[in-house]
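*Asks:* Pasting a structure below so you can have a look.
The values are calculated or read from the model by the stated rules, or taken from the named source; none is laboratory data. Keep in mind it's a predicted model, so treat the numbers as computed, not measured. Ideal geometry is used to build each Cβ from the backbone, glycine not excepted, and the neighbour counts take in all protein chains shown.
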Amino acid sequence: MIFGTRAWFSYQDRQQESASHLYVQFMNGLERSDAGQVSQAGDALVSEHSNSPYAALAALGMARLQIEQGELEAARAQLQWALEHGKTEALRHSARLRLVRLLVAMEEFSAAEAQLAQAPATGAYAPLYAELRGDIALAQGDRIAARDAYRVALDQLDEDAPTRPLLRVKLDDIR
């Protein structure tokens, strides 16, 4: 029994080291804009180490690269994967926010609204979701709903939040 337990912990340590090494390769590829290295390391993280926190981070990074390359459907799949497999609430929020922004850019407003419907209405991310509701309404030509959503976002946002001035500009542009 002790041998089996030690072997299991040794295996887990090797898996974590492997995932960590792949993530370093992934990040190095991102820094050098080496799409091949990013794709290879990212794909390995997602397929071989999907339970590690590195996998969802890699999916977010691959989505960013895919958006830059105009591969929006591939980016959407990566963001959806990160949303479903993210190990922390913050990571899942980040994935959802990016996914909604992408869906708005793709003019898939119903899908964007469906994602927002699953987001909590309270907490630190609430103003970000409210702002996205405003962006969706504005993209659909509903200036009144956009203004209302931006006001909600401003009311929920801390006075010293760095995004406050941009949100104020969005609101002022609607008036």
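*Asks:* Just to check your reading of the model, which residue among Ala95, Ala121 is over 30 Å from Ser33 (Cβ atoms) and hydrophobic (A, V, I, L, M, F, W, C)?
*Replies:* Numbers: Ala95 fails: over 30 Å from Ser33 (Cβ atoms).
On inspection, the qualifying residue turns out to be Ala121.
*Asks:* Pick from the stretch 83-125 the residues that are among the β-branched types (Val, Ile, Thr) and buried (at least 18 other Cβ atoms within 10 Å of the Cβ): which of them is nearest to Ala63 (Cα to Cα)?
*Replies:* Of the residues in the stretch 83-125, the ones among the β-branched types (Val, Ile, Thr) are 88, 100, 104, 122.
When the remaining residues are screened for being buried (at least 18 other Cβ atoms within 10 Å of the Cβ), the result is 100, 104.
Working: Val100: 13, Val104: 15 Å.
By that ranking, first place goes to Val100.
Here is a yes/no grid of residues against (1) surrounded by 14 or more Cβ atoms within 10 Å (Cβ to Cβ); (2) over 17 Å from Ala114 (Cβ atoms); (3) of a type in the set (D, E, K, R):
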{"position": "Pro127", "(1), (2), (3)": "yes, yes, no"}
{"position": "Arg133", "(1), (2), (3)": "yes, no, yes"}
{"position": "Ala137", "(1), (2), (3)": "yes, no, no"}
{"position": "Ala149", "(1), (2), (3)": "yes, no, no"}
{"position": "Val152", "(1), (2), (3)": "yes, yes, no"}
{"position": "Pro162", "(1), (2), (3)": "no, yes, no"}
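*Asks:* Residues to consider are Gln80, Gln115; find the one that is under 20 Å from the mean Cα position of the chain (by Cα) and outside the structural domain of Gln25 (by TED's automatic domain parsing).
*Replies:* Unique residue meeting the criteria: Gln115.
*Asks:* Same structure, new question: Of the numbered conditions (1) in the same structural domain as Ala153 (by TED's automatic domain parsing); (2) within 22 Å of Ile174 (Cα to Cα), Val100 fails exactly one; give the number of that condition.
*Replies:* Among (1) in the same structural domain as Ala153 (by TED's automatic domain parsing); (2) within 22 Å of Ile174 (Cα to Cα), Val100 violates only (1).
*Asks:* Also, quick follow-up: Does the stretch 40-83 hold any residues that are β-branched (Val, Ile, Thr) and either closer than 19 Å to Gln25 by Cβ or part of a loop (DSSP other than H, G, I, E, B) (or both), and which are they? Full working, then the answer.
*Replies:* Going through the stretch 40-83, the residues β-branched (Val, Ile, Thr) turn out to be 46, 67.
Residue satisfying the conditions is Val46 alone.
A quick yes/no check of all residues on (1) in a helix (DSSP H, G or I); (2) under 17 Å from the mean Cα position of the chain (by Cα); (3) not charged (D, E, K, R):
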| residue | (1), (2), (3) |
| --- | --- |
| Leu91 | yes, yes, yes |
| Ala121 | no, no, yes |
| Leu128 | yes, yes, yes |
| Ala146 | yes, no, yes |
| Ala149 | yes, no, yes |
| Leu166 | yes, no, yes |
